[in-house]
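The next block holds one structure in the form of structure tokens; read it before the comments.
The values are calculated or read from the model by the stated rules, or taken from the named source; none is laboratory data. These numbers come from a predicted model, not from an experiment. Reconstructed Cβ throughout: ideal geometry from the backbone, glycine too, with neighbour counts over all protein chains shown. For accessibility, only protein heavy atoms count, side chains too; no ligands or nucleic acids. Shrake-Rupley method; radii C 1.70, N 1.55, O 1.52, S 1.80 Å.
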Amino acid sequence: MEIEFTDSLSITKEDTRACYILMLKISDLWFAFEHLVKTAADIIPKDEDRNSNVNFYSSSTMQMLEFDPITLNFNQLLNNQVLHRSVWRREVYPFIQYLVRDTQGGTQRLIADALSHVQESRELQAKHIFALAYGIRNVYVHKGVAAALGSKNYQVKRAFYLVMYDALILYSLALGNAYCCKKLASYSTVITQS
């Protein structure tokens, strides 16, 4: 996908423009990840909450998928690049609160729990990260792209979005790798039995 902005638009500041682009990228990547979860379900079934949009896998499945190092890395990057200054930390709260208000059900509860974790300086779990990504996708799909929603501090949101985007890429690659390895192993089992 290629996105271009011209100076005739009012979104010419670098951080603002980056927020729009990253919001779109996170939304697109979430759709791809969601599809990958469905595709992989024949070999890696959702075993935590089958009806959830974000709480797919149990702790043991996430360990098998090697999601834990990605989650740890996400938390380190979030702390080092976004939450490291109290001013930025305070800017993240209304942004996440906006995502809470814009979601429903279990996803809303997980985003609210993620906000509590951030406020209390506790690490987020993969299900929180997925809920936040899904919340960003909801803003894009249901509210239209509006980089100012939740917070007008584009520098903080840009840093948050970058960390989120990188983590989603890694989760997608880890799930895709596990799926392909398991699928290939199932084929080799069939071949050796023949």
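Of note:
- When residues of segment 23-37 are limited to those that are open to solvent by 10 Å² or more (accessible area, probe 1.4 Å) and hydrophobic (A, V, I, L, M, F, W, C), the one nearest to M164 (Cα to Cα): L29
- Scanning segment 88-111 for residues that are within 9 Å of G135 (Cβ to Cβ), touching a Gly at 6+ places or on another chain (Cβ under 8 Å) and either in a helix (DSSP H, G or I) or in contact (Cβ under 8 Å) with a residue 60 or more places away in the chain (or both) gives I96, Y98, L99, V100, T107, I111.
- Some residue of segment 99-108 being open to solvent by less than 30 Å² (accessible area, probe 1.4 Å) and in contact with an Asp or Glu (Cβ under 9 Å, 6 or more places away or on another chain): no
- Among (1) modelled with pLDDT of 90 or more; (2) farther than 17 Å from L22 by Cβ - the single one Y161 does not satisfy: (2)
- Subset tally (residues that are touching a helix residue (DSSP H, G or I) at 6+ places or on another chain (Cβ under 7 Å) and either without any contact (Cβ under 8 Å) to a residue 40 or more places away in the chain or among the hydrophobic types (A, V, I, L, M, F, W, C) (or both)) for segment 120-138: 9
- Filtered by the rule that a residue be in contact with a helix residue (DSSP H, G or I) (Cβ under 6 Å, 6 or more places away or on another chain), open to solvent by 20 Å² or more (accessible area, probe 1.4 Å) and of a type in the set (V, I, T), segment 38-63 gives a lone residue, I43.
- Residues satisfying the stated conditions in segment 65-87, i.e. within 19 Å of Y179 (Cβ to Cβ), open to solvent by 80 Å² or more (accessible area, probe 1.4 Å) and in a helix (DSSP H, G or I): P69
- Matching residues in segment 152-191 - criterion: being open to solvent by 70 Å² or more (accessible area, probe 1.4 Å) and aromatic (F, W, Y): Y187
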